[in-house]
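For reference, the structure is listed below as structure tokens.
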Amino acid sequence: MKLNKHKPAQHTEMEFGGALGAACIPVFLPLTVLYLLSVCRTPGGALLQWPPPLPHSTFLWDPVAAAIMVGWISLQSALYLLPMGKVSLPENPQFCLCFNAAGFHALCMTAVLLAVCVCLGMPLGYLFDLVLPLAVCAIGVSYLLALYLYIRSFWAPAHQLALGGNTGNPLYDFFIGRELNPRIGSFDLKFFCELRPGLIGWVVLNAAMLMKEVELRGSSSLAMLLVNGFQLLYVTDALWNEEAVLTTMDIVHDGFGFMLAFGDLAWVPFTYGLQAMFLVIHPQTLSPLSALGIILLNGVGYSIFRKSNSQKNQFRRDPAHKSIAHLETIATATGKRLLVSGWWGFVRHPNYLGDILMALAWSLPCGVSHLLPYFYVVYFSILLVHREARDERQCRAKYGLAWDTYCRRVPYRIIPYIY
């Protein structure tokens, strides 16, 4: 096949700090993952302690962890290839690709296999002791995958390149991703990595932390059960609604490079579940009243998150559906319409508001004496504000005056009367 050295796209605006950010982020974010995991395992658990708890190099590598990582990705790849679930085609006409949206089936089959292995005597809690070398392996896989994606993108047709990932700057293009939907046959690498190995791996690691707590203390705490339950609900929801990811910025707009590969395979499973890992070393006692308040907070957040996303997805599928036909809309120059009532008339990103409330509920079972369990809340809030700003720029460019009208009708971005 002929090598295509594509000219840089006309749209070459760089994000994430441009070339400097693309050079620094692939170094500092992996180090951040290892630092957070190391702090979690210390008795003090202080996020800002000095000197930092740097692990010895012997704790960063274990061939068992490497074997587990290879086996895990192989298992999820095999489940992805099974002919189950529904095949979906995204709305955007620039894509002529089909996707096997069967993430919930993969989660269920993984749970059954895991339960069988535990019943046969597999020490699931041992993953707590392997968490650092597992993270190192996930980071290594992310680098290798991103390098492969960057090299193969030079053989991709020009129409398959992402608008923002073909700048001509090697560091930036490696980081942001040049090819939009790289595939090996029918195996879509980005769609697979988006939810499967990382999200399912996240709840498996959480279950391992729960089993480790049982080994250490004879039973699982209410705090650990709440964290596991909340995050399992979130992951189950994402995989049940896997088809909805086809309309997200990650799939439609961003190329597949280091940013998404590392985020999917390393950042999500090893930082989103810090609360469960924290509770293994720093047990917390919750009163029934505190637990009830936290459950209600998570319930409110999940309700906002799910109802707003369902409303948006239904509007995209069928604007005349009886559940949304009464909602007010405004016309755009593209021929599409924008919702200006319902959840999307409350704030511009009600799903982000639900995400933030749930993130807080996941951290509160860990108490308020440590900053570490709240890393996710702080990070995710910053991420959502940044993502909202990216959405804002793209929607203004796409919808023009109609978007300005929408913003006047719905002035608050995420949090009503605050932001």
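The values are calculated or read from the model by the stated rules, or taken from the named source; none is laboratory data. Here the structure is a predicted model, which means the values were calculated and not measured. Note: ideal-geometry Cβ built from the backbone for every residue, glycine included; neighbour counts use all protein chains shown. Calculation scope for accessible area: heavy atoms of the full protein, side chains included, ligands and nucleic acids excluded. Shrake-Rupley method; radii C 1.70, N 1.55, O 1.52, S 1.80 Å.
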Could you please find all residues in segment 286-314 being surrounded by 15 or more Cβ atoms within 10 Å (Cβ to Cβ) and of a type in the set (Ser, Thr, Tyr)?
Ser290, Tyr302, Ser308, Ser310
Pairs under 8 Å by beta carbon, first residue crowded, with 23+ Cβ neighbours inside 10 Å in segment 266-285, partner not in a helix (DSSP H, G or I), six or more apart or different chains?
Met277/Arg41; Phe278/Gly45; Phe278/His370; Leu279/Ser221
Having 3 or more residues that are closer than 26 Å to Pro30 by Cβ and touching a Lys or Arg at 6+ places or on another chain (Cβ under 9 Å) is the bar; report the helices (runs of 4 or more DSSP H) wholly within segment 109-195 that clear it.
126-129, 131-152
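In segment 398-419, which residues are more than 19 Å from Thr329 (Cα to Cα) and under 27 Å from the mean Cα position of the chain (by Cα)? Even if it seems obvious, please write down each step before you answer.
Of all residues in segment 398-419, those more than 19 Å from Thr329 (Cα to Cα) come to 414-419.
Hits for segment 398-419 are Ile414, Ile415, Pro416, Ile418, Tyr419.
Residue-by-condition table, conditions (1) among the small types (Gly, Ala, Ser); (2) within 30 Å of Leu163 (Cα to Cα); (3) part of a helix (DSSP H, G or I):
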{"position": "Val368", "(1), (2), (3)": "no, no, no"}
{"position": "Phe375", "(1), (2), (3)": "no, no, yes"}
{"position": "Leu384", "(1), (2), (3)": "no, yes, yes"}
{"position": "Arg387", "(1), (2), (3)": "no, yes, yes"}
{"position": "Glu392", "(1), (2), (3)": "no, yes, yes"}
{"position": "Thr405", "(1), (2), (3)": "no, yes, yes"}
{"position": "Arg408", "(1), (2), (3)": "no, yes, yes"}
{"position": "Pro411", "(1), (2), (3)": "no, yes, no"}
Could you tell me whether any residue of segment 325-342 is open to solvent by 20 Å² or more (accessible area, probe 1.4 Å), in contact with a helix residue (DSSP H, G or I) (Cβ under 8 Å, 6 or more places away or on another chain), in a helix (DSSP H, G or I) and not acidic (Asp, Glu)?
yes
Output the number of the condition that Phe270 fails; it satisfies all remaining conditions of (1) assigned to a helix (DSSP H, G or I); (2) over 22 Å from Phe128 (Cα atoms).
(2)
With the condition kept exactly as written, say whether any residue in segment 366-375 is farther than 27 Å from Ala276 by Cα and open to solvent by 10 Å² or more (accessible area, probe 1.4 Å).
no
Picked from segment 393-419 (must be among the aliphatic types (A, V, I, L, M) and either free of Cβ contacts under 8 Å to residues at least 40 places away in the same chain or over 21 Å from Lys336 (Cα atoms) (or both)), the residue surrounded by the fewest Cβ atoms within 10 Å (Cβ to Cβ) is Ile418
Do we have any residue at all in segment 255-263 that's in contact (Cβ under 8 Å) with a residue 24 or more places away in the chain and open to solvent by 20 Å² or more (accessible area, probe 1.4 Å)?
yes
Can you pull out the residues in segment 236-254 that are open to solvent by 10 Å² or more (accessible area, probe 1.4 Å) and assigned to a loop (DSSP other than H, G, I, E, B)?
Asn241, Thr248, His253
How about segment 7-31: which of its residues are at pLDDT 75 or above, touching a Leu at 6+ places or on another chain (Cβ under 6 Å) and either within 14 Å of Gly165 (Cβ to Cβ) or part of a loop (DSSP other than H, G, I, E, B) (or both)?
Ala19, Ala22
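Would you call Arg317 of a type in the set (Lys, Arg), closer than 24 Å to Ala361 by Cβ and open to solvent by 30 Å² or more (accessible area, probe 1.4 Å)?
Working: of a type in the set (Lys, Arg): yes; closer than 24 Å to Ala361 by Cβ: no; open to solvent by 30 Å² or more (accessible area, probe 1.4 Å): yes.
No.
For residues that are assigned to a helix (DSSP H, G or I) and among the aromatic types (Phe, Trp, Tyr), scanning just segment 345-365, find the one that is least open to solvent (accessible area, probe 1.4 Å). Break it down stepwise before answering.
So in segment 345-365, the residues assigned to a helix (DSSP H, G or I) come out as 345, 350-365.
After this cut, where a residue has to be among the aromatic types (Phe, Trp, Tyr) as well, the list is 352, 362.
Numbers: Tyr352: 23, Trp362: 2 Å².
Per the criteria, the residue is Trp362.
Would you mind stating whether Ala67 is open to solvent by less than 90 Å² (accessible area, probe 1.4 Å), modelled with pLDDT under 90, in a helix (DSSP H, G or I) and not acidic (Asp, Glu)? Before the answer, list the steps.
Working: open to solvent by less than 90 Å² (accessible area, probe 1.4 Å): yes; modelled with pLDDT under 90: no; in a helix (DSSP H, G or I): yes; not acidic (Asp, Glu): yes.
Considered against the rule, which asks whether it is open to solvent by less than 90 Å² (accessible area, probe 1.4 Å), modelled with pLDDT under 90, in a helix (DSSP H, G or I) and not acidic (Asp, Glu), Ala67 comes out as no.
Condition check ((1) modelled with pLDDT under 95; (2) closer than 15 Å to Trp362 by Cα) across all residues:
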{"residue": "Ala266", "(1), (2)": "no, no"}
{"residue": "Ala276", "(1), (2)": "no, yes"}
{"residue": "Gln284", "(1), (2)": "yes, yes"}
{"residue": "Leu292", "(1), (2)": "no, yes"}
{"residue": "Leu296", "(1), (2)": "no, yes"}
{"residue": "Lys312", "(1), (2)": "yes, no"}
So, in segment 217-230, exactly how many residues are open to solvent by 40 Å² or more (accessible area, probe 1.4 Å) and outside any helix (DSSP H, G or I)?
2
Between Tyr126, Tyr172, Tyr143, which is open to solvent by 10 Å² or more (accessible area, probe 1.4 Å), within 30 Å of Met14 (Cβ to Cβ) and touching a residue at least 12 places away in the same chain (Cβ under 8 Å)?
Tyr143
Selection from segment 376-392 of residues in contact (Cβ under 8 Å) with a residue 24 or more places away in the chain and open to solvent by 20 Å² or more (accessible area, probe 1.4 Å) yields Tyr379, Ser381, Val385, Arg387, Asp391
Hey, Leu233 closer than 29 Å to Val70 by Cβ and either open to solvent by 10 Å² or more (accessible area, probe 1.4 Å) or in contact with a Cys (Cβ under 9 Å, 6 or more places away or on another chain) (or both) or not
no
